[in-house]
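Everything below concerns the one structure shown next.
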Amino acid sequence: MDPQTEIELQAAAFRRLQKHLMQDRTDVQNIDLMNLAGFCRNCLSRWYQEAAAEKGIEIGKTEAREHFYGMTMEEWKAGYQTEAAPEKQAEFQEAFHKNVTERG
């Protein structure tokens, strides 16, 4: 496969993941993604921001999130985000602490 086709396929897969998370599965909370997969929508928007920076394109955190979410964080939170249960918060804190400890 030539490099350009591979890039196009990767971009298409990313767009599909974005649509899946932003339109098809708005019921899945970021904390659930973090607890189960170790990344969430905010991570994806940060990775987008970091990829832009590697190309010399400066995009702020807010702008990157709005691009990925397709709306402001306030709009997303108002429409889709629910309060995380204490056990989910504890699970997240435990995983976060473990990850930080393992990285040194």
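Data table
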{"quantity": "In the chain, the GluC sites (Glu not before Pro) that fall in loop regions by DSSP, at most 14 other Cβ within 10 Å", "calculated": "GLU58, GLU83"}
{"quantity": "Of the trypsin sites (Lys or Arg not before Pro) in the chain, those whose Cβ has at most 13 other Cβ within 10 Å and which sit in DSSP loop", "calculated": "ARG25, LYS55"}
{"quantity": "Whether the stretch 43-104 is rounded, prolate or oblate, judged on the alpha carbon gyration tensor where a/c under 1.5 counts as rounded", "calculated": "oblate"}
{"quantity": "Cα centre as origin, Lys/Arg/Asp/Glu Cβ charges: the chain dipole, Debye", "calculated": "20"}
{"quantity": "Relative contact order for the chain, counting Cα pairs under 8 Å that sit 6 or more residues apart, in percent", "calculated": "25"}
{"quantity": "Sorted by Cβ density within 10 Å, fewest first, the residues MET34, MET1", "calculated": "MET1, MET34"}
{"quantity": "Prolate/oblate/rounded call for the chain, Cα gyration tensor, a/c under 1.5 rounded", "calculated": "prolate"}
{"quantity": "Cα-based reach from LYS77 at 18 Å (exclusive), listing lysines while leaving out same-chain residues under 8 positions away", "calculated": "LYS19, LYS61, LYS88"}
{"quantity": "Net lengthening on full extension, ALA13/MET73 (0.36 nm per residue, minus Cα-Cα)", "calculated": "19.2 nm"}
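A short reminder: the numbers here are calculations on the coordinates, not readings from a lab. Not measured: the values here are computed from a predicted model. We place every Cβ from the backbone using ideal geometry, glycine too, and count neighbours over all the protein chains shown.
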